[in-house]
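Asker: Questions regarding the structure given below will be posed in turn.
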2 protein chains.
Amino acid sequence: MSADASHPDTGPAGAAPTETAPTDTDLLEAALTRPAELTARLCDIPSVSGDEARLADAVEELLGRISAGPGPDLEIVRDGDAVIARTRLGRAERVLVAGHLDTVPIEGNVPSTRRELDGEEVVWARGACDMKAGVAMQLVTAAALRAPVRDVTWVFYDHEEVDAALNGLGRVAANRPDLLEADLAVLGEPSDAGIQGGCNGTMRVDVRTTGVRAHSARAFMGVNAIHALAPVLAVLAAHEAETVTVDGLDYRESLSAVGIRGGVAGNVVPDECVVSVNYRFAPSKSGAEAEAHLRELFAGYEVEVTDLSEGARPGLDRPIAQAFVEAIGAEPAPKLGWTDVARFSALGVPAVNFGPGNPLYAHKADEHVACAEVSAACRSLLAFLEPERSR
Amino acid sequence: MSADASHPDTGPAGAAPTETAPTDTDLLEAALTRPAELTARLCDIPSVSGDEARLADAVEELLGRISAGPGPDLEIVRDGDAVIARTRLGRAERVLVAGHLDTVPIEGNVPSTRRELDGEEVVWARGACDMKAGVAMQLVTAAALRAPVRDVTWVFYDHEEVDAALNGLGRVAANRPDLLEADLAVLGEPSDAGIQGGCNGTMRVDVRTTGVRAHSARAFMGVNAIHALAPVLAVLAAHEAETVTVDGLDYRESLSAVGIRGGVAGNVVPDECVVSVNYRFAPSKSGAEAEAHLRELFAGYEVEVTDLSEGARPGLDRPIAQAFVEAIGAEPAPKLGWTDVARFSALGVPAVNFGPGNPLYAHKADEHVACAEVSAACRSLLAFLEPERSR
């Protein structure tokens with residue numbers, strides 16, 4: 001004990017607390033009517049992929065308290081670090097709203113700060129936009145519901161930002177597909193609080209040339225695999241990507257070399273060169289069709305598919321999707337990047353992306369979300385689920 | 001001590017030697033009249049680049065014994081792990097014969113073995129061809145000389161197989177250029193015991209494209225640096241290398257991509273791509289001319305020279321070189337690979353490659369040299385230096 005500890009003015013160094021410190025759940029619960037504040041408190045619980053347990057625990061406990069409150073009861077299921085909570089009101093339609101709990105690694109941006117940016121108040125933190133603002137939207141709306149016109153399933157899941165094989169939503173789809181049954185799925189990924197329908201598919205292929213190794217002082221003894229790749233790069237450079245209209249939305253495709261490698265040593269004619277090509281294809285095409293297109297483009301070369309995720313049609317032709325569009329009150333746009341909406345599409349559930357935040361700030365060191373946009377997204381979602389309460 | 005050690009039939013485990021074990025130098029000296037055997041014993045002293053001291057010590061001591069023998073006295077100088085020994089007979093001409101002591105890493109091929117290959121007896125070992133057979137040729141000839149018609153400088157050096165900045169010959173040229181003065185230099189690198197004149201120069205350049213990074217789902221937001229490299233590969237693929245006649249020898253050039261790299265991640269349009277190009281240019285061209293040629297070929301692209309070694313003209317027009325050609329009795333050929341002859345050329349000393357061994361086996365796991373070729377090379381070199389003794 002230091003001398004100062006017994007100083008009459010400072011009191012004992014480790015005074016016994018007069019009340020229990022608030023838990024993560026207490027802190028989240030206290031912010032349930034303030035969407036931006038809840039976003040900040042969610043960001044302050046770090047949850048980099050693989051380390052979601054603490055946040056999943058808090059969310060599970062919070063859903064229990066919401067269930068015990070004035071709104072409808074929730075059936076709560078835990079699967080790994082995914083948490084599923086659903087109403088069982090016997091409504092004609094069920095809406096599923098999903099969001100991932102994990103973030104990419106922190107870059108000195110946790111805990112969160114409040115800042116003013118171009119005259120707007122923002123929450124500045126890792127995950128603010130991708131996608132703890134979306135999770136806040138889920139929790140605020142879950143707590144606000146009293147008598148929704150549609151049944152609701154809330155899904156919070158782990159491992160979205162890493163290898164697709166670890167994805168918590170994929171795991172739940174395998175373990176308990178019944179939990180994901182719905183007439184419409186809304187994925188709370190950042191979409192500027194507008195509706196982005198479906199998503200392009202994505203395929204990666206390796207296009208490979210082979211040659212014959214030789215000393216580069218006698219290059220005529222070998223066959224240069226890098227030179228042999230020249231026509232492949234010419235095809236890529238000349239290619240003009242299509243724009244395909246699907247269910248009324250224009251999906252712009254992309255075809256890009258994303259990596260190239262070749263070379264043995266500074267004095268060796270290389271016998272192998274590989275260019276990795278990423279094709280983002282419209283959701284009207286299957287993976288098999290995308291592959292056939294690439295094999296035709298690179299005819300005569302060795303083409304190996306290294307990665308494939310099918311796209312998802314926007315599904316905006318269904319009445320429930322139309323009702324969602326009306327409630328949000330904004331023109332839907334196509335989603336070009338691949339998202340987990342495709343997992344719902346594969347289960348036969350039409351799915352859209354809808355969440356607060358500008359996706360351009362996802363994974364960036366300057367990640368942030370506008371406070372007003374989080375509140376607006378909560379109001380829109382509530383308007384869809386319980387029009388009476390939002391008027 | 002184990003029980004067996006006192007067994008009457010086996011005798012003491014560590015019997016004191018009745019005579020001193022032969023040293024490295026003793027073993028080499030005992031083989032001085034048997035070129036293939038000396039090659040094998042040189043291979044049995046490992047000397048991977050950086051680890052030449054043991055072999056350099058043995059060679060230095062052996063040269064001392066040769067100097068003390070019936071032939072001419074030698075002035076012996078040690079510089080790091082290079083050893084220089086020279087006669088001072090006041091002859092009108094001086095010939096320098098140089099060879100490196102180091103090898104590339106061993107691949108289970110030390111100690112050496114004797115094998116029969118296509119009816120020929122060979123020494124099979126790391127360094128057999130590149131170039132302990134050449135070192136054996138130097139030592140056998142040094143020991144055989146009695147009254148050479150030309151003064152001789154023997155140079156044994158370190159670090160040939162690694163970064164040029166470490167090269168022992170380069171170090172001696174900087175420290176003691178007087179030791180390298182000569183009218184003709186013979187570099188004992190494997191040349192099938194034929195004369196290979198001069199060498200092509202070598203230049204490496206990086207040709208770089210830059211672009212703008214973007215998510216590959218929205219490739220139209222970026223500029224793909226790999227696609228931008230397509231015209232560079234097209235130039236390389238279409239290029240036909242020249243053959244240039246220099247001092248009567250035909251030097252075939254080579255232009256090769258030896259490496260290519262680009263790519264940030266599987267979902268990112270890359271903003272940089274670099275192809276490394278190696279140009280082997282005829283010795284009639286300077287490095288500056290070679291560079292100008294590449295800048296013209298890749299006009300409009302960023303070109304950075306990363307490596308340059310000037311070539312060496314064959315120098316076969318000089319009378320002493322002609323005399324060497326006559327002594328060897330074979331038509332000289334051009335050397336396409338770069339060798340240390342260029343260092344002599346830079347010092348104003350005409351230089352040729354002449355040594356036993358097929359260069360195609362250099363650095364290979366099946367490296368070997370034909371025993372008969374080592375003997376023949378020794379006879380040829382002796383014929384040049386002391387025609388009387390070789391008749």
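Asker: Return the whole-Å distance between the Cα centroid of the stretch A:204-276 and the Cα centroid of the stretch A:337-373.
Answerer: Taking the Cα centre of each part, the stretch A:204-276 and the stretch A:337-373 sit 32 Å apart.
Asker: Shifting gears a bit: Shielding of A:230-237 by partners, i.e. mean partner chain Cβ atoms within 10 Å per residue?
Answerer: 6
Asker: Just to be sure I understand: of the beta bridges DSSP finds with both ends in the protein assembly as shown, what percent are antiparallel, rounded to 5?
Answerer: 75
Asker: Might you report the magnitude of the Cβ-based charge dipole of chain A about its Cα centre, with Lys and Arg at +1 and Asp and Glu at -1, to the nearest 20 debye?
Answerer: Once rounded to the nearest 20, the dipole reads 640 debye.
Asker: Suppose every K and R has +1 on its Cβ and every D and E has -1 on its Cβ; what is the size of the dipole of the stretch B:258-372 about the Cα centre, in Debye to the nearest 20?
Answerer: Computed about the Cα centre, the dipole is about 300 debye.
Asker: Now a separate question. With a 10 Å cut-off between alpha carbons and a GNM built on chain B, which of B:239, B:159, B:368 moves the most?
Answerer: Checking each option, the largest mean-square fluctuation is seen for B:239.
Asker: For helix B:287-297, report the angle its Cα long axis makes with the longest principal axis of the Cα atoms of chain B; keep it between 0 and 90° and round to the nearest 10°.
Answerer: In chain B, helix B:287-297 runs at an angle near 30 degrees to the longest axis.
Asker: Shortest first and in nm to one decimal, what separations exist between residue A:250 and its copies in the other chains, measuring from label points 7 Å along the Cα-to-beta-carbon line?
Answerer: Values, ascending and in nm: 6.1.
Asker: Calculate the FRET efficiency for residue B:54 and residue B:240 from the Cβ-Cβ distance with a Förster distance of 35 Å, rounded to the nearest 0.05.
Answerer: Values: r = 48 Å, r/R0 = 1.38.
The formula returns an efficiency of 0.15 here.
Asker: Under the Karplus relation 6.51 cos²θ - 1.76 cosθ + 1.60, θ = phi - 60°, what is the ordered set of whole-Hz ³J(HN,Hα) values for the stretch A:208-213, x standing for Gly and Pro?
Answerer: Values per residue, Gly and Pro as x: 10, 10, 10, x, 10, 5 Hz.
Asker: Another question about this same structure. Roll a 1.4 angstrom probe over the protein heavy atoms and tell me the percent of accessible area of chain B that is carbon or sulfur. Before the final figure, lay out each step's value.
Answerer: Details: 7990 of 16100 Å².
Roughly 50 percent of what the probe reaches on chain B is carbon or sulfur.
Asker: If you plug each phi of the stretch A:172-183 into the Karplus form 6.51 cos²θ - 1.76 cosθ + 1.60 with θ = phi - 60°, what whole-Hz ³J(HN,Hα) values come out, in order, with x for Gly and Pro?
Answerer: 5, 4, 7, 6, 9, x, 4, 5, 9, 5, 6, 8
Asker: As a test of the formula, what do you get for chain A when each DSSP H run with n ≥ 4 contributes -39,500 (n - 2.57) and the sum is divided by the residue count, at 222 nm and rounded to the nearest 500 deg cm²/dmol?
Answerer: Details: 12 runs with 109 residues, N = 391.
Theoretical 222 nm ellipticity from helices: -8000 deg cm²/dmol.
Asker: Hey, rough spin-label estimate for residue B:165 and residue B:93, points 7 angstrom out along Cα→Cβ, what's it come to in nanometres?
Answerer: In this crude label model, residue B:165 to residue B:93 measures out at 3.9 nm.
Asker: Below 8 Å, C-alpha to C-alpha, sequence gap of six or more: please give me the relative contact order for the stretch B:109-172 in percent.
Answerer: Details: 38 pairs, mean separation 10.6, N = 64.
It comes to 17 percent, rounded to a whole number.
Asker: Right, another one. Given H placed on each backbone N at 1.01 Å, which residues far from residue A:268 in sequence or on other chains put an amide H within less than 5 Å of it?
Answerer: HN-HN under 5 Å from residue A:268: A:216.
Asker: Next up: Note the distances from residue A:329 to each other copy's matching label point, with points 7 Å along the Cα-to-beta-carbon direction, in nm, sorted shortest first.
Answerer: Those separations, rounded to one decimal, come out as 10.5 nm.
Asker: What is the set of long-range amide H partners of residue A:194 at a cut-off below 5 Å, with H atoms built 1.01 Å from backbone N?
Answerer: A:355
Asker: Relative to the longest principal axis of the C-alpha atoms of chain A, give the angle of the C-alpha long axis of helix A:319-328, reported between 0 and 90° and rounded to the nearest 10°.
Answerer: Its long axis makes an angle of about 70 degrees.
Asker: Same structure again: In units of 2.2 N^0.38 Å, what is the alpha-carbon radius of gyration of the stretch B:129-199?
Answerer: For the stretch B:129-199, the normalised Cα radius of gyration comes out at 1.19.
Asker: Express the relative contact order of chain B as a whole percentage, based on alpha carbon pairs under 8 Å and six or more residues apart in sequence. Numbers along the way, then the final one.
Answerer: Values: 885 pairs, mean separation 84.4, N = 391.
Dividing the mean separation by the residue count of chain B yields 22 percent.
Asker: With unit charges on the beta carbon (Lys/Arg positive, Asp/Glu negative), name the residue among B:232, B:385, B:185 whose Cα is farthest towards the positive pole of the charge dipole of the protein assembly as shown.
Answerer: Of the listed residues, the answer is B:232.
Asker: Taking the alpha-carbon set of the stretch A:201-309, what are its Rg and Dmax in Å?
Answerer: Calculated on Cα positions, Rg and Dmax stand at 16.5, 59 Å.
Asker: With every protein chain present, what is the per residue accessible area of the protein assembly as shown (1.4 Å probe, Å²)?
Answerer: 41
Asker: Using a label point 7 angstrom from Cα along Cα-to-C-beta, what distances in nm, from shortest up, separate residue B:44 from the other copies?
Answerer: 7.8
Asker: Turning to a different aspect of this structure: Quantify how strongly other chains surround peptide B:206-219 by giving the mean number of their Cβ atoms within 10 Å of each of its Cβ atoms.
Answerer: 4
Asker: Taking springs between alpha-carbon atoms closer than 10 angstrom, which of B:346, B:182, B:312 fluctuates most in the Gaussian network model of chain B?
Answerer: B:346
Asker: Something else: So which of A:335/A:364; B:335/B:364; B:132/B:285 end up more than 26 Å apart, counting from Cα to Cα?
Answerer: Violating the 26 Å limit, Cα to Cα: B:132/B:285.
Asker: At a probe radius of 1.4 Å, what is the per-residue accessible area of residue B:364, in Å² to the nearest 10?
Answerer: Result for residue B:364: roughly 90 Å² accessible.
Asker: Looking at chain B, what % of its DSSP beta bridges pair antiparallel, to the nearest 5?
Answerer: 75
Asker: To continue, here is another question. Tell me: how much accessible area in total is hidden between A and B, 1.4 Å probe, Å², nearest 100?
Answerer: On the way: alone 17630 and 17610 Å², together 32220 Å².
For A against B, buried area totals roughly 3000 Å².
Asker: When the chain is fully extended, how far beyond the present Cα-Cα distance does residue B:296 get from residue B:23, taking 0.36 nm per residue of separation? Please list the in-between numbers first.
Answerer: Values: separation 273, 0.36 × 273 = 98.28 nm, distance 5.87 nm.
Additional length available on full extension: 92.4 nm.
Asker: So which residue, out of A:269, A:349, A:122, gets the largest mean-square fluctuation from a GNM of chain A using Cα contacts under 10 Å as springs?
Answerer: A:269
Asker: What list of ³J(HN,Hα) couplings, whole Hz, do you get for the stretch B:97-105 from phi and the Karplus terms 6.51, -1.76, 1.60, once you set θ to phi - 60° and write x for glycine and proline?
Answerer: So the J values, rounded to whole Hz, are 10, 10, x, 8, 8, 8, 10, 6, x.
Asker: Based on Cβ point charges of +1 for Lys and Arg and -1 for Asp and Glu, what charge dipole magnitude is obtained for the stretch B:201-309 about its Cα centre, in debye rounded to the nearest 20?
Answerer: With Lys and Arg at +1 and Asp and Glu at -1, about 520 debye.
The values are calculated or read from the model by the stated rules, or taken from the named source; none is laboratory data. These numbers were taken from a predicted model, which means no experiment stands behind them. For neighbour counting, all protein chains shown are included, and Cβ atoms are generated from backbone atoms with ideal geometry for every residue, glycine included. Surface areas here come from the heavy atoms of the whole protein model, side chains and all, with no ligands, DNA or RNA. Shrake-Rupley method; radii C 1.70, N 1.55, O 1.52, S 1.80 Å.
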